[in-house]
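The structure under discussion appears below in the form of structure tokens.
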Amino acid sequence: MKQSLFERRHKAEWDRFCGLLEQLERDGKITDAGSFPKDYRRLCQHLALARERGYSSFLIDSLQQQVLRGHQQLYRHRSRLGANALAFILADFPRLVREQWRFVLAASLMFFVSLAGFAVLVYLSPDLIYNLIPAEQVSEMQSMYDPVAGHLGRTAERAASEDWVMFGYYIMHNIGIAFQTFASGLLFGLGSVFFLIYNGLMIGAVAGHLTYVGYGQTFWSFVIGHGAFELSAIALAGAAGLKLGWALVAPGRLPRAESLRLAARKSVLLICGVMLFLLIAAFIEAYWSSMTRPSPQTKYLVGAALWLLVVVYLVFAGRRRHAPE
Amino acid sequence: MLETTALPRNAPLVPPLDTRYQVETPEGVDLPLRPAGLMVRALAFAIDLALRGLVLGVLFIALAMLGKLGAGLGSILLFGVSWWYMVLFEVLNQGRSPGKQWMGLRVVHDDGTPVGWSASLLRNLLRVVDLLPFGYFLGAISCLQHPHFKRLGDIAAGTLVIYREHSHTRPELPEAQPRRTTFALTLSEQRAILGFAERQGELSRARADELAAILAQPLHVPAAQAVTELNGIARGLLGPT
């Protein structure tokens, strides 16, 4: 068949399909979507015919472009986020954490051991902290947690707007740290290891120092509540980063790029859970931890309950499968 | 695209000169995508960066009037804009941030499908690593050495930055008397002749003559008439319009 005949015969069809495409690209939906796949496959056949018969570049290129546009409308990756957020929170996320327990364990060990270890060290030999944190910052921190006149000793009439400021600041700061800890895992995991240990040392140093100077009560009662979510989130972000790095270090039978791609798909889900944790943490930090009215005992109790909640959630949630997955 | 000459056995395939990236669809059709290189992507990023700076600047001035509440909102805003600007635009605007749209680029998955939430989040989170140790150094290195110009975030997320297709306008074929060849043409010869006729509007008269003269001898015509002869064959191939 000559090209001009071919074009004349199918022109109406192509124009109609082009109209459908424009509608889809503009509004994301069409009135009669039923015939779209059929029309698309027919267009694919026309393209194949045009190539096989050696029709001119103009025809082939424009058919190709239409097929590409159709392909992009017809085929989508099913989003594993968003659509089933509830299932993700209730079951998929803790399941994923348990599935990746090796990385979670490694990251938790690095983070919590360096935190606890350095806290004890600083408590026993207080001068150590000055190796890590400059003296001005230490004294600034100290004045913040001063039981008599610290910023945290805010009275009950503190404006709600101030909570907002802190909420915003915590989200910004903490999620930033978590993202950094995760992303730097791409450097063969070294970045994640560095940030896990570094953050562990910093937090440990502050905790040890403040306990040593006798501000333990204000400090611990302040941090215990949101710490449950915040610290575990950093450890989980580190675990996601380690997973990325490990995919590069030991890709197994896959090429490194492919292994990285597969690992990244899992770790991005971990990061979504981490963001959720940090959102909760920022909320608790701004609205509960900063309250001064409850006695420290209440805060310790609530804090312990929150820690327990995190552990129970990660260990037990989603163990039993419910009907529609 | 249409290679008809067989390569000798075990000869390595010659990599094509252009940077096209072929995607095979489930329908068995090969779709060529054109990955975008470092320079145009850097420009798109610069536009995005400037735009973000502008938006943040304006909003901060507005928020500064709100006092403390404004400061809180401001830091949430800064967070949102610095981490989510790219992701939101890429997912909700067919893989195009304003800078990419300006430069005619878009982000797609490796298989040519529109970029989704997880891939977009991933490629933009890993931007931090591409930035290391300063000014996109790692990203640029990775982009320059990768056959499809991927930075590290693209490799991990399985995404590709491509040029958006422009719509084609039908080229005007030069007038000539349709004729048939006395011998059978192979597909690539047929495509080449049609291509010559379609592209003649872009060529100077002298260049068209020069190109056509190459074929004067096999067509058994004087060199001066080769262009007309080729146009005639192209018309004949195309059929009556």
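Read-outs throughout are calculated quantities, based only on the coordinates presented, and are distinct from any laboratory measurement. Predicted model, so just to flag it, every value in this text is computed and none were measured. All Cβ positions, glycine included, derive from the backbone under ideal geometry; neighbour counts span all protein chains shown.
Let me know the Kirkwood hydrodynamic radius for the protein assembly as shown, please, with Cα pairs as the basis and the value in Å to one decimal. Let's see the in-between values first.
Working: mean 1/r = 0.0356 Å⁻¹.
Its Kirkwood hydrodynamic radius stands at 28.1 Å.
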For this session: Only Lys, Arg, Asp and Glu count, each charged at its Cβ (+1, +1, -1, -1), so figure out the dipole size of region A:164-287 about its Cα centre, rounded to 20 debye.
Result: 560 debye
Problem set entry | For region A:202-325, the spread of Cα positions along each principal axis, largest first, Å | 56, 41, 20
Exercise. Which ³J(HN,Hα) values, rounded to whole Hz and listed in residue order, are derived for region B:76-93 from phi using the Karplus coefficients 6.51, -1.76 and 1.60 in 6.51 cos²θ - 1.76 cosθ + 1.60 with θ = phi - 60°, glycine and proline given as x?
Worked result: 5, 4, 4, 4, x, 5, 6, 9, 10, 3, 5, 4, 4, 5, 5, 7, 8, 10
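May I ask you to sort A:ASP92, A:ASP39 by Cβ crowding, counting other Cβ atoms within 10 Å and putting the fewest first? Could the numbers behind the result be given before it?
Details: A:ASP92 22, A:ASP39 17.
Going from least to most buried by this count: A:ASP39, A:ASP92.
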Exercise. Once amide H atoms are built 1.01 Å from N in the peptide plane, which residues 5 or more positions from B:LEU33, or in another chain, come under 5 Å H to H?
Worked result: B:TYR21, B:GLN22, B:VAL23
For this session: In debye, nearest 20, what is the charge dipole magnitude of the protein assembly as shown about its Cα centre with +1 on Lys and Arg Cβ and -1 on Asp and Glu Cβ, if you could check?
Result: 1260 debye
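Summing +1 for each Lys or Arg and -1 for each Asp or Glu, what net charge is found among the other residues whose Cβ lies under 11 Å from the Cβ of A:LYS2? The partial results should precede the final answer.
Values: positive: A:ARG8, A:ARG9, A:ARG53, B:ARG235; negative: A:GLU7.
Net of charged neighbours comes to +3.
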Exercise. Can you work out ³J(HN,Hα) from phi for every residue in region A:8-24, in order, using Karplus 6.51 cos²θ - 1.76 cosθ + 1.60 and θ = phi - 60°, giving whole Hz and x for Gly and Pro?
Worked result: 4, 5, 10, 4, 4, 4, 5, 5, 4, 4, 4, x, 4, 4, 4, 4, 5
For this session: Counting helices only, and only those DSSP H runs with n ≥ 4, report the 222 nm mean residue ellipticity of the protein assembly as shown as the sum of -39,500 (n - 2.57) divided by its residues, in deg cm²/dmol to the nearest 500.
Result: -20500 deg cm²/dmol
Exercise. What is the gain in length, in nm to one decimal, between A:GLN45 and A:ALA87 on full extension, counting 0.36 nm per residue of separation less the C-alpha to C-alpha distance?
Worked result: 11.1 nm
Exercise. Listing B:THR181, A:THR298, B:THR25 from the residue with the fewest other Cβ atoms within 10 Å to the one with the most, what is the order?
Worked result: A:THR298, B:THR181, B:THR25
Exercise. Put a dot 7 Å past each Cα toward the Cβ at B:ASP111 and A:LEU254; how far apart are the dots in nm?
Worked result: 1.4 nm
For this session: Take the cross-link list A:LYS299/B:LYS68; A:LYS266/A:LYS299; A:LYS2/A:LYS38 and give me the ones stretching past 29 Å between alpha-carbons.
Result: A:LYS266/A:LYS299
Problem set entry | From phi via Karplus (6.51, -1.76, 1.60), per-residue ³J(HN,Hα) for region A:38-49 in Hz, x at Gly/Pro | 5, 4, 4, 5, 5, 5, 4, 5, 4, 4, 4, 4
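Please state, to two decimals, what the Cα-based radius of gyration of region A:85-316 comes to when divided by 2.2 N^0.38 Å (N = residues).
Numbers: Rg = 18.6 Å, N = 232, 2.2 N^0.38 = 17.4 Å.
In units of the 2.2 N^0.38 Å rule of thumb, it is 1.06.
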Problem set entry | Over chain B: Kirkwood hydrodynamic radius from C-alpha pairwise inverse distances, Å | 22.2 Å
For this session: First obtain the Kirkwood hydrodynamic radius of region A:159-265 from its Cα pairs, then insert it into the Stokes-Einstein equation at 37 °C and 0.692 mPa s, and state the resulting D in µm² per second as a whole number.
Result: 211 µm²/s
For this session: May I ask which residue of B:ALA156, A:TYR170, A:SER192 lies farthest towards the positive end of the charge dipole of the protein assembly as shown, with charges of +1 (Lys, Arg) and -1 (Asp, Glu) on Cβ and the Cα centre as origin?
Result: B:ALA156
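So if each residue of separation counts as 0.36 nm, and I subtract the Cα-Cα distance between B:ILE214 and B:PHE60, what length gain in nm does that give? Could you put the intermediate results ahead of the total?
Details: separation 154, 0.36 × 154 = 55.44 nm, distance 6.67 nm.
Length gained, B:ILE214 through B:PHE60: 48.8 nm.
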Problem set entry | All lysines inside 17 Å of B:LYS100 as judged from Cα atoms, apart from same-chain residues fewer than 8 positions distant | B:LYS150
Exercise. What is the order of B:TRP84, A:TRP14, fewest Cβ neighbours within 10 Å to most?
Worked result: B:TRP84, A:TRP14
Problem set entry | Stokes-Einstein D in µm²/s, Kirkwood radius over Cα pairs - region B:152-226 at 10 °C with 1.306 mPa s viscosity | 101 µm²/s
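What size of dipole, in debye to the nearest 20, comes out for region B:81-213 about its Cα centre when the only charges are +1 on Lys and Arg C-beta atoms and -1 on Asp and Glu C-beta atoms? Display every interim value, and only then the final one.
Values: 15 positive and 13 negative charges, 32 e Å.
The dipole of region B:81-213 has a size of about 160 debye.
Taking only the Cα atoms of region B:38-163, how large is their convex hull per residue, in Å³? Provide the component values of the computation, followed by the final result.
Working: hull volume 13.1 nm³, N = 126.
Dividing the Cα hull volume of region B:38-163 by its residue count gives 104 Å³.
Find out how many positive minus negative residues lie around B:ALA216, taking Lys and Arg as positive, Asp and Glu as negative, among other residues whose Cβ is under 14 Å from that of B:ALA216. Provide the component values of the computation, followed by the final result.
On the way: positive: none; negative: B:ASP209, B:GLU210, B:GLU229.
With Lys, Arg at +1 and Asp, Glu at -1, the net is -3.
Let me check I've understood the local charge: for B:LEU203, count other residues with C-beta under 10 angstrom from its C-beta, Lys and Arg +1, Asp and Glu -1. What total comes out?
That works out to 0.
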